[in-house]
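Undergrad: Just dropping this structure here.
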Amino acid sequence: MAAGMDFSPPFTVIDGYSKDNNGSAGENENANNVDNTKQMTSGKPPRHLSVMRQCGSTTRLLAATDLAMDVGVVNKTSSDEKSEFLPVLRSGSCAEIGPKQYMEDEHICIDNLTDHLGTTADFPVPGAFYGVFDGHGGTDAALYVRANILRFIVEDSHFPICVEKAIKSAFVRADYAFADNSSLDISSGTTALTALIFGRNLIIANAGDCRAVLGRRGRAIEMSKDHKPNCTSERLRIEKLGGVVYDGYLNGQLSVARALGDWHMKSPKGSACPLSAEPELQETLLTEDDEFLIMGCDGLWDVMSSQGAVTVARKELMLHNDPERCSRELVREALKRNTCDNLTVIVICFSPDPPPRIEMPPSRVRRSISAEGLNVLKGVLDGN
């Protein structure tokens, strides 16, 4: 899976960018310092947030009404209170080699971007950045992207006026810069999944088959799409560009349709290629209903559904409110289910408090389904 240079359903996808139908639109000091930059944010968030400058296509409109089935949560807030919500960010991660011979996953967790980048940073607070990079064919690509992707984003000319363009540009620039580094094995590759948080704005970028899932009142909201070659849209894109999908593999070689690196499979820089480094973006405006985000490599999702992971994570957070322990439990659960891959999981919480207990409204009819079961059913219905 793939050394560093210094320094779904509820979404509508439009040209690789998606808009949340719930109402949202849309290093390098050195690689070894990244894990030391994690910080715990404490205390209550400020009541007001300076408006983030954005390109016109990503103006947000907060939904005026709740989803009809979102009922029974203790201490539910009003729409006015939600409009003032700011997340208090804290995270935990766990990475295990699993049954593989080598560990090729990399990840990054930065809970406080202002402290990490310095006081000259010009963007709303709170700000945070997270990433999971699932390497293959060696570790060089994953290590390089982990060490440099944030720098490529903040140095892009579009940042922070149009963050979406900056992120897309940064993925491609990182891919090209990796190809130009003669000291690295450019035949190694990596998928890349990143989460950038500015104030209430959550922007997920994905190239590959890692996945980000939002826990919203116990319900799983997929914030990325797995880029598998057999996926209809990816297959059509691949074939249009002269590639083939054979037995689920791109050109019979790679089990993902998008990745950085793998330059033995790519055309010269600047030309269209079946194996793309360009990410798809999904964006949402966080409210108090959004409790946590799970980011994981395919080693987790191969053996666990998105709703299953959210259910496990929520129960863990209700018990101990520790995202680190929660991520470890998700990894342990995947190992118990005999995953065949490396495992990397990040859990990001948006509140200092644990998720509240979900209560069903009083009813004269005897119920035979739990609140969690209703969330699963609701997700299926929304998908149809």
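Undergrad: Can you pull the one-decimal nm distance between simple spin-label points at Gln101 and Tyr249, each 7 Å off the Cα toward Cβ?
TA: It works out to 1.6 nm between the two label points.
Undergrad: In the stretch 280-366, what is the volume of the convex hull around the alpha carbon atoms, normalised per residue and reported in Å³?
TA: Measuring per residue, one finds 147 Å³ for the Cα hull of the stretch 280-366.
Undergrad: Averaged over every viewing direction, what's the projected area of the C-alpha convex hull for the stretch 103-211? Give it in nm², one decimal, please. Before the final figure, lay out the partial values.
TA: Numbers: hull surface 27.3 nm².
Averaged projected hull area, Cα only: 6.8 nm².
Undergrad: If you bin the C-alpha pair distances of the stretch 197-312 every 5 Å from 0, what whole percents do you get?
TA: 2, 11, 19, 19, 16, 13, 9, 6, 3, 0
Undergrad: Which residues' amide hydrogens lie under 5 Å from the amide hydrogen of Asp105, considering only partners 5 or more residues apart or on another chain, with H built in the peptide plane?
TA: Hits under the 5 Å cutoff: Gly135.
Undergrad: Right, next: When 1/r is averaged over all different Cα pairs and the result inverted, which Kirkwood radius in Å belongs to the stretch 290-336?
TA: One over the average 1/r among Cα pairs gives 10.7 Å for the stretch 290-336.
Undergrad: Quick check on packing: order 89-102, 230-243 by the mean number of other C-beta atoms within 10 Å, highest mean leading.
TA: Those peptides, ordered most packed to least, come out 89-102, 230-243.
Undergrad: Once amide H atoms are placed 1.01 Å from N in the peptide plane, what residues at a sequence separation of 5 or more from Val245, or on another chain, have their amide H within under 5 Å of its amide H?
TA: Asn251
Undergrad: Taking amide H positions as placed 1.01 Å from N in the peptide plane, with prolines and chain starts having none, which residues 5 or more places from Ala259, or on another chain, fall under 5 Å of its amide H?
TA: Hits under the 5 Å cutoff: Ser276, Ala277.
Undergrad: Between beta-carbons, use under 15 Å as the cut-off and find the net charge around Glu329, counting Lys and Arg +1, Asp and Glu -1.
TA: Value of the local net charge: +2.
Undergrad: Summing +1 for each Lys or Arg and -1 for each Asp or Glu, what net charge is found among the other residues whose Cβ lies under 11 Å from the Cβ of Gly137?
TA: Net charge around Gly137: -4.
Undergrad: Looking only at the stretch 308-341, which residues have a backbone nitrogen under 18 Å from a spot 7 Å from the Cα of Asp302 in the C-beta direction?
TA: Residues 309, 330-341 qualify, since their backbone N sits under 18 Å from the label point.
Undergrad: Here's another thing I want to ask about it. Work out, in µm²/s and without decimals, the Stokes-Einstein translational diffusion coefficient of the stretch 225-277 at 4 °C, 1.567 mPa s, Rh from Kirkwood over C-alpha pairs.
TA: 120 µm²/s
Undergrad: With Kirkwood's inverse mean 1/r over C-alpha pairs for Rh, give me the Rg to Rh ratio of the stretch 148-237, two decimals please.
TA: 1.01
Undergrad: While we're here: So how do Glu164, Glu324 line up by other beta-carbon neighbours within 10 Å, fewest first?
TA: Values: Glu164 22, Glu324 16.
Fewest-to-most Cβ neighbours within 10 Å comes out as Glu324, Glu164.
Undergrad: Same structure, new question: Neighbouring Cβ atoms within 10 Å as the yardstick, rank Asp341, Asp105, Asp115 fewest first.
TA: With the fewest neighbours first, Asp341, Asp105, Asp115 line up as Asp115, Asp341, Asp105.
Undergrad: What is the extension gain from Asp180 to Lys336, computed as 0.36 nm multiplied by their sequence separation minus the C-alpha to C-alpha distance, in nm to one decimal?
TA: Numbers: separation 156, 0.36 × 156 = 56.16 nm, distance 4.11 nm.
Result: 52.1 nm gained on full extension.
Every number here is computed from the coordinates shown, using simple stated rules; none is lab data. This one's a predicted model, so the numbers in the text were calculated from it and none came from an experiment. Using ideal geometry, Cβ is built from the backbone for each residue, glycine included, and neighbour counts are taken over all protein chains shown.
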